[in-house]
Amino acid sequence: MQVTMTVNGEEVTKEIEGRLLLVHFIRDHLGLTGTHWGCDTSNCGTCVVLMDDEPVKSCTVLAAMAGGRQVRTVEGLEVDGVLDPVQEGFMQCHGLQCGFCTPGMMLTARALLDDNPDPTEHEIREAISGQICRCTGYSTIVRSVQWAANAESESPVTVGGAS
Amino acid sequence: MTVTDNPVASFHDNDQHPVGFGRMLRKEDPRLIRGKGNFVDDVQLPGMLHLAILRSPYAHAKILGIDVSAAQAHPNVVAVITGADLAEQGLAWMPTLSNDVQAVLATDKVRFQHQEVAFVVAEDRYSARDALELIVVDYEPIDPVMDVRKALEPDAPVIRDDLDGKTDNHCFDWETGDAAATDAAFAKADVVVTEDIVYPRVHPAPMETCGAVANVDQISGQLTLWCTSQAPHAHRTVYALVAGLPEHKIRVIAPDIGGGFGNKVPIYPGYVCAIVASLVIGKPVKWMEDRTENLVSTGFARDYVMRGEIAATSDGKILAVRTNVLADHGAFNGTAAPVKYPAGFFGVFTGSYDLEAAYCNMTAVYTNKAPGGVAYACSFRITEAVYLVERIVDCLAHELDMDPAELRIKNFIQPDQFPYTTKTGWVYDSGNYEPAMRKAMDMIGYDELRREQAEKRERGELMGIGIAFFTEAVGAGPRKDMDILGLGMADGCELRMHPTGKGVLRLSVKTQGQGHETTFAQIVSEELGIPPEDLEVVHGDTDNTPFGLGTYGSRSTPVSGAAAALVARKVRDKAQIIASGMLEVSVADLEWMKGSFQVKGDPEKSVTIQDIAMKAHGAGDLPEGVEGGLEAQICYNPENLTYPFGAYICVVDIDPGTAHVTVRRFVAVDDCGTQINPMIIEGQVHGGLTDGVGMALMEIIEFDELGNCLGGSFMDYLIPTALEVPDWETGHTVTPSPHHPIGAKGIGESATVGSPPAVVNAVIDALKPFGVRHADMPLTPSRVWETMQGNHTPPI
Ligand code: FES
Ligand code: FES
């Protein structure tokens, strides 16, 4: 079957198998390998992307279901050479170690801050609670998101923005 | 300092750009936060095929026959290979890291559930999986041996009948310490406490599963293997020895790795299958396991059934510790540990205490479980040792009705006793334990918490405070004692300075998230006084790095970190000779000013390391006997292990109605000697503390009596999320290692080692009103509830 969707602002059309998972569509068919895969049971969240600005586990969405939607992956966070404050926050606060969970964590954080620019620590923890990080112990991820929230409140220009 | 060539530099604050040690943002982050890392599954080669492995549904069964015809007929399938096919090439078995053998694909029988039986190579990922369904295997089930306590019973089915003359499931016996002296110490003790303590099987479960891409060039015979390996050089040598491939025709590349924690130390059948497939088919082949395969078949950790005994005087002077251990090694002994240490470094079970005697005897057995044994940031079994001693010391505090902090402080090895030789023969290099303990107590407000707890107990609320104090032994290790499969545990390092004073540093170790590209640049930066940004760190590629045994057991900083410092000093020594020629003074008249050589007493006359690098490569004469260029190579053989330590205090609350444990606070004071990058150290500690909460409260790989693995997905194998852990509170003391060139000791596994007993001790402390002295991990609500009812049952 044929599917058409917008990925990081660009429309793509591909011939796919009906059963193809969105995560494999993004990784193997589009070559956007920043989106990762880490489990068989929708538990880890390394595959999180934004679909119409909502975080979804792309291992649990068929590529066909994303037809006509706006998909944003980690590769779409940086816009015109400017990093998203969330990306900068993760660097500044050591929010990543191996970096495998990081794309998913950052996209969830992006969606959270778009929704709630000044989240509490608990709100941040809740937002990322469907995702696992095996390296950081989460405190530095929380700080990274807080860093981004502060940066955005100090210069309320939308950096990046929805694609 | 100026940084001009790094586009990311503009995001960094100046205070995060130290020359040498200090907080510095990571050099690996710019690619990872952009999704531009390169993990094994990201490797795409033209014409690449996909490999999937068929696994056994039985834990123990004879293979009577395999029919692959339907799978072979699948239109997208290129090849289907069974154990019999591999046996024809002599490749059905491979050595494990403990000199045992393990089946690549089962030939005679399967010995654990999910053991590798056959593989399919297909045009795409999905077809490879589809074709697995088409393979028909005829099994004849055999009773599995799942209970470690029954493995040595005379009528137990023999698992390893592949081994000549094997008539039982015995794996090895091991002992350490002095049995007679320990008996004598126990005989004179006022108090003896005995407790059965289980450290259940757990799994490192890195977020990236294991996998490989093998590409054999049909003409040159060159094998390139992209692989999730923590030890690329060791892997290459093993492939050379096993497959008979010439070592110089093998290039192992460990690209970005999504966490390792020991899971990516062993060589797995899947890697070998990918190599064989590429050899046979002549195309690149990718194998990536799924999460279930990772949890059920790759390197597990722990699985120790221990009896701990402690002897003390009535006023709390600990005399001796004795332990008997039954170790479950699964179906093949795949333990990754130095050869002379079949129980890893479990011998440090004497902990941080000055004892009169200690003794351990251990029996290891085979069972019908997946192989492995040393993984999950365990520092070669120190996790088990620390858990045993820190639990049993708490049991003693319980019996003596003594404060557990006070009991520990009373028995600490004193600063003037270092270097301290333990009763099991380990030479602790340096330590100053009491200040670390006091610091943790101050940070958490220990006395105030005890007051709060007393009040809460009055009201029937369950609050617990748990302490653990650990000493680790890391940085394996001195080559006179330590090797893996005959390969000495020394590590190489090479530093090459370019004419403009920038450099490239090549390491034998490999990061899986620990930040080697940053910290190793900082080590050389500290030694040469050049900005870390001016140094490129190359690692994880056997063609481009010197030989060494890789990253595990917290050995990178203790071994390779030392190598990096020494190789930089070698470069500096040569630079000094060149500088003497440039300044026309003798070498002895020069003073090193961290970045330049200056004529003693004449600050006007100096040359920078960058000037010297240019001179080394430039025109004009160099001093007599000095070759051009500025580079050095070293292979560092550590003199001793290093012994980091730490004091951990955990506060929990237990809901008396549901028995649910909440970790309210956790203070960790670590001493890893000299700190290179405190930000990275803090991160390493945070990760390990989270592991500890996981193991203490939720993680376990269990089996039913038929041998079915019950922890085969993230639905069943529970890992803490952000909601199950507190905001970590960390502190440190600094007691440098006397024998390490920069005094660093290693930090990668400290928190994973030290935190489980702190959490468990806190839970047990909360349950004191119920008269509870011990309960086993994982302390799930159901186990805590049963314990509250007086019905504690061990997990195995
Ligand atoms: S891959 Fe684990 S939730 Fe999607
Ligand atoms: S940074 Fe490694 S899993 Fe999160």
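The values are calculated or read from the model by the stated rules, or taken from the named source; none is laboratory data. Nothing here was measured: the structure is a model prediction, and the numbers come from that model. Cβ placement follows ideal geometry from the backbone for every residue including glycine, while neighbour counts extend to all protein chains displayed. These accessible areas exclude ligands, DNA and RNA; they are computed on the full protein's heavy atoms, side chains included. Shrake-Rupley method; radii C 1.70, N 1.55, O 1.52, S 1.80 Å.
Measuring heavy-atom accessible area with a 1.4 angstrom probe and counting protein chains only, the residues of the range B:185-223 that give up at least 50 Å² relative to the chain alone are B:207.
Rolled with a 1.4 Å probe across the full set of protein chains, the surface gives residue B:64 an accessible area near 100 Å².
Nothing charged except the Cβ atoms of Lys and Arg (+1) and of Asp and Glu (-1): what's the magnitude of the dipole of the range A:2-76 about its Cα centre? Round to the nearest 20 debye.
Details: 6 positive and 10 negative charges, 28 e Å.
Dipole of the range A:2-76, to the nearest 20 debye: 140 debye.
Here, P(r) means the percent of Cα pairs in each 5 Å bin from 0 to the largest distance; for the range B:389-433 it is 5, 21, 23, 19, 18, 12, 2.
The accessible surface of the protein assembly as shown, taken with every protein chain in place and a 1.4 Å probe, is 49 percent carbon and sulfur. For the protein assembly as shown, the mean residue ellipticity at 222 nm estimated from helices alone is -8000 deg cm²/dmol, where every DSSP H run of n ≥ 4 contributes -39500 (n - 2.57) and the total is divided by all residues, rounded to the nearest 500.
Output the pairs from B:456/B:745; B:340/B:574; B:264/B:745 with a Cα-Cα distance over 29 Å in this structure; if there are none, say none. Don't skip to the end; give the middle numbers.
Details: B:456/B:745 40 Å; B:340/B:574 39 Å; B:264/B:745 23 Å.
Listed pairs above 29 Å: B:456/B:745; B:340/B:574.
When you filter the trypsin sites (Lys or Arg not before Pro) in the range B:537-577 for DSSP loop state and at most 13 other Cβ atoms inside 10 Å of their Cβ, nothing is left. Derived scalar couplings between HN and Hα for the range B:209-219 equal 6, 7, x, 7, 10, 9, 9, 9, 6, 5, 8 Hz in order, rounded to whole Hz, by the Karplus curve 6.51 cos²θ - 1.76 cosθ + 1.60 (θ = phi - 60°), x for Gly and Pro.
Between the range B:546-597 and the range B:385-415, the alpha-carbon centres lie 43 Å apart.
Projecting the Cα atoms of B:792, B:127, B:446 onto the dipole axis of the protein assembly as shown, where Lys and Arg carry +1 and Asp and Glu carry -1 at the beta carbon, places B:127 farthest toward the positive end.
Which whole DSSP H helices in chain B pass both tests: a Cα extent of 24 Å or more along the axis and a mean Kyte-Doolittle value no lower than -1.0?
Details: long enough: B:382-400 (27 Å, 0.81); B:562-583 (31 Å, 0.66); B:678-697 (28 Å, 0.63); B:750-766 (25 Å, 0.92).
Flagged H segments are B:382-400, B:562-583, B:678-697, B:750-766.
Average accessible surface for chain B: 33 Å² per residue, computed with a 1.4 Å probe over protein heavy atoms with every protein chain in place. The share of Cα pairs per 5 Å bin across the range B:137-266, counted from zero up to the longest distance, runs 2, 7, 10, 10, 9, 12, 15, 13, 9, 6, 4, 2, 1, 0, 0, 0 percent. When peptides B:251-259, B:110-118 are sorted by average Cβ neighbour count within 10 Å, with the highest value leading, the order is B:110-118, B:251-259. Between the range A:68-114 and the range B:711-763, what is the separation of their alpha carbon centroids in Å? Here the answer is 27 Å between Cα centres. Modelled label positions at residue B:136 and residue B:619, each set 7 Å beyond Cα in the direction of Cβ, lie 8.2 nm from each other. Farthest toward the positive end of the dipole of the range A:2-76, out of A:32, A:47, A:76, is the Cα of A:47, where the dipole comes from beta carbon charges about the Cα centre.
How fast does the range A:2-76 diffuse by Stokes-Einstein, in µm²/s, taking the Kirkwood radius from C-alpha pairs at 4 °C and 1.567 mPa s? Provide the component values of the computation, followed by the final result.
Details: Rh = 11.9 Å.
Answer from the Stokes-Einstein relation: 109 µm²/s.
Taking all protein chains into account, the per residue accessible area for the range A:2-76 stands at 38 Å² (1.4 Å probe). P(r) tail, chain A: Cα-Cα pairs separated by more than 30 Å, 13% of all pairs. Taking all Cα-Cα distances within the range B:476-531, those exceeding 20 Å account for 40%. In order along the range A:86-103, the Karplus-derived 3J(HN,Hα) couplings, from 6.51 cos²θ - 1.76 cosθ + 1.60 at θ = phi - 60°, round to 5, 4, 5, x, 5, 6, 5, 9, 6, x, 9, 10, 6, x, 6, 7, 4, x Hz, and Gly and Pro are given as x. Each chain gives up part of its surface: A and B jointly bury about 4600 Å² of accessible area, both sides summed, for a 1.4 Å probe.
Take every residue in peptide B:285-293, count the Cβ atoms of other chains within 10 Å of its Cβ, and give the average of those counts.
Values: counts 0, 0, 0, 1, 0, 5, 7, 3, 1.
For this peptide, the per-residue mean of nearby foreign Cβ atoms is 2.
Taking the Cα centre of chain B as origin, sum charge times position over the Cβ atoms of Lys and Arg (+1) and Asp and Glu (-1), and report the length of that vector in debye to the nearest 20. Could you put the intermediate results ahead of the total?
Working: 64 positive and 107 negative charges, 160 e Å.
Using Cβ point charges on Lys, Arg, Asp and Glu, chain B gives about 760 debye.
Karplus-based coupling profile of the range B:28-40, in residue order and whole Hz: 7, 5, x, 7, 6, 6, 9, x, 10, x, 10, 8, 4, with θ = phi - 60° in 6.51 cos²θ - 1.76 cosθ + 1.60 and x standing for Gly or Pro. State the answer as a single residue: which of A:144, B:575, B:306 lies farthest towards the positive end of the charge dipole of the protein assembly as shown, with beta carbon charges of +1 for Lys and Arg and -1 for Asp and Glu, about the Cα centre. Value: B:575.
For the protein assembly as shown, count all C-alpha to C-alpha pairs, find those more than 45 Å apart, and express that count as a whole percent of the total. Please report the intermediate quantities before stating the final value.
Working: 135692 of 459361 pairs.
Summing the P(r) of the protein assembly as shown above 45 Å gives 30 percent of all pairs.
Using only C-alpha positions, report the orientation-averaged shadow area of the convex hull of chain B, nm², one decimal. Don't skip to the end; give the middle numbers.
Numbers: hull surface 146.5 nm².
Mean projected area of the Cα convex hull: 36.6 nm².
Eigenvalues of the alpha-carbon gyration tensor of the range B:275-382, scaled by 5 and square-rooted, set the equivalent ellipsoid semi-axes at 40, 13, 12 angstrom, largest first. Equivalent ellipsoid of the range A:85-154: semi-axes from √(5λ) of the C-alpha gyration tensor, largest first, are 17, 13, 10 Å. In the range B:219-276, Rg over Rh equals 0.95, where Rg is the alpha-carbon radius of gyration and Rh the Kirkwood radius from pairwise Cα distances.
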